[in-house]
């Protein structure tokens, strides 16, 4: 089982609130990712990082921001949540420089914005 | 643009039967493919992978087949069990994509006892 953790698992908040979704991994992986997934749908990459102080936007535009101050930690922040942000957010990590790129996923955070 | 898609959104099989889940990809430069299993309320879990220099790879009860000519990927599950019920995603990438995976639409596998 992968050592990647996300908190909270479930979050229900009101519009306009600032929230931070936490993601931590203990595998020492350099690469980390955030995906957004609607129920039963494919995963869309919204942010990724190749290491400390490296962050990039993914293929799906997102109003969220991320930071990577420590290798093991990759939090995602929404400054002002809106109902359109309601979704599941999945964090993943993988090793840097390996030919394969198996990503290990956390359990996800299901966010509901009222 | 690049895309990875699945032919069937749902698949229902009888316990003990074999299951086949299909996936089509459009990026001919992709050289690494992964199948993930996602159970309700959980993150995707790695099942099996295959590189483009192979056309078949076997794991425990699972086999992945890759046909680069028609850009098709399939996952075969032998003796399907109720615990196999989940959504299955294929994903593809290539070395020059920096490790970013492109996921296809999932197929929901339902196993009837």
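Readers should treat all values here as calculations from the given coordinates under stated rules, not as data from a laboratory. Since we're looking at a predicted model, the values are computed, not measured. Quick reminder, even Gly has a Cβ in these numbers, built from the backbone with ideal geometry, and neighbours come from all protein chains shown.
Name the single residue, out of those in segment B:22-47 being touching a helix residue (DSSP H, G or I) at 6+ places or on another chain (Cβ under 9 Å) and in a strand (DSSP E or B), that is nearest to the other protein chains (Cβ to nearest Cβ). So the residue we want is B:32. Filtered by the rule that a residue be more than 14 Å from chain A (Cβ to nearest Cβ) and farther than 14 Å from residue B:90 by Cβ, segment B:48-62 gives B:55, B:56, B:58, B:60, B:61. Filtering segment B:81-103 to residues that are in a strand (DSSP E or B) and farther than 30 Å from residue B:15 by Cβ leaves B:92, B:93, B:102.
Filter segment B:90-111 down to the residues that are crowded, with 20+ Cβ neighbours inside 10 Å and either touching a helix residue (DSSP H, G or I) at 6+ places or on another chain (Cβ under 9 Å) or within 9 Å of chain A (Cβ to nearest Cβ) (or both) and list them by number. If the condition is that a residue be crowded, with 20+ Cβ neighbours inside 10 Å and either touching a helix residue (DSSP H, G or I) at 6+ places or on another chain (Cβ under 9 Å) or within 9 Å of chain A (Cβ to nearest Cβ) (or both), then B:91, B:93, B:99, B:101, B:102, B:103, B:104, B:106, B:109, B:111 are the ones that fit. Restricted to segment A:63-114, and to residues there that are in contact with a helix residue (DSSP H, G or I) (Cβ under 9 Å, 6 or more places away or on another chain) and not in a strand (DSSP E or B), the residue that is surrounded by the fewest Cβ atoms within 10 Å (Cβ to Cβ) is A:99. Return yes or no: is residue A:56 over 21 Å from residue A:16 (Cβ atoms) and in a strand (DSSP E or B)? Yes. Is one or more of the residues making up segment A:33-47 farther than 30 Å from residue B:52 by Cβ and within 8 Å of chain B (Cβ to nearest Cβ)? So far as segment A:33-47 goes, no, none of its residues is farther than 30 Å from residue B:52 by Cβ and within 8 Å of chain B (Cβ to nearest Cβ). When segment A:3-54 is filtered for residues that are surrounded by fewer than 18 Cβ atoms within 10 Å (Cβ to Cβ), closer than 14 Å to residue A:108 by Cβ, in contact with a strand residue (DSSP E or B) (Cβ under 9 Å, 6 or more places away or on another chain) and free of Cβ contacts under 8 Å to residues at least 40 places away in the same chain, only A:40 remains.
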